[in-house]
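Undergrad: Here it is: the structure, laid out below.
Read-outs: derived from the displayed coordinates by stated rules, not from any lab. Model, not experiment: these values are computed from the prediction. We place every Cβ from the backbone using ideal geometry, glycine too, and count neighbours over all the protein chains shown.
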């Protein structure tokens, strides 16, 4: 297992890889990928029991990126972990690729096709229940977005997970407090307080800084947070983390940098890599 310092440096390199992949492709959700990167990296480098040489290994632990538009974070991590060559990232969204604009089962290491928000947690509940019926201890992790929690299907799945006492299921909320068209608090003010809502639905909840790898390690090391309850890790994040003009700016949900913006972004990310 690599150290926290090494993983921090790796995340800086992964941000540059994500940026270059999106610019080369002419599109991609950069800012949503940046907010979730440390979460995905911490799981894949430290906690998930998976085998890059055998992506369909039956006994692997399962990971679902429910916020499928953030797939560049997942693709970059999967490539660096050896699920497929890093050079494949150059095919992102091009004809014939397995690296689409949202995760697809054709991609080595992807356990669920996602993109239509609100479905990932339901898939996670089913996968975790299947593991229980098989009497297998494997865990299931679902990374969600905060805007996604406006979908009613999320709360149906949350109720069922608590009812079934699925303590092998962990959801991680990428809580950057922005969605595609503005702040979550303006689109759906009643979404807050987020931790209390999940507790009310029968989940064990903890809050962390979603860019602090040490805090993520501490939280994931405690799983399950309470025996007999599914776990919710509310990870407070910054959308567009690492590029000053992208951070917490809603216009960067979809937008791709122009040449001048790309130059500045690369300079800032390269400085972070050296620091």
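Undergrad: So between residue 251 and residue 2, what do we pick up on full extension, going 0.36 nm a residue minus the alpha carbon distance?
TA: Roughly 86.1 nm would be gained on extension.
Undergrad: Could you work out the relative contact order of the stretch 4-274, using alpha carbon pairs under 8 angstrom and six or more residues apart, expressed as a whole percent?
TA: Reported as a whole number, the value is 24 percent.
Undergrad: Separate question: Quickly rank 245-252, 144-151, 125-132 as a protection proxy: mean count of other C-beta atoms within 10 Å, highest first.
TA: Sorting 245-252, 144-151, 125-132 by mean packing, highest first, produces 144-151, 125-132, 245-252.
Undergrad: If you average 1/r over every pair of different alpha-carbon atoms in the stretch 4-274 and take one over that average, what Kirkwood value in Å do you get?
TA: 18.5 Å
Undergrad: Scattering from the C-alpha atoms of the stretch 50-176 alone, worked out with Debye: what is log10 I(q)/I(0) at q = 0.13 1/Å?
TA: -0.53
Undergrad: Take the Cα atoms of the stretch 14-68, build their convex hull, and give its volume per residue in Å³.
TA: 105 Å³
Undergrad: Give me D for the stretch 150-275 in µm² s⁻¹, whole number, from Stokes-Einstein with Rh from the Kirkwood sum over alpha-carbon pairs, 10 °C and 1.306 mPa s.
TA: After rounding, the answer is 96 µm²/s.
Undergrad: For the stretch 194-275, what's the relative contact order in percent, using C-alpha pairs closer than 8 Å and at least 6 residues apart?
TA: 23 percent
Undergrad: Of the DSSP beta bridges with both residues in the stretch 4-274, give the percent that are antiparallel, rounding to the nearest 5.
TA: Antiparallel bridges make up about 10 percent of those DSSP assigns within the stretch 4-274.
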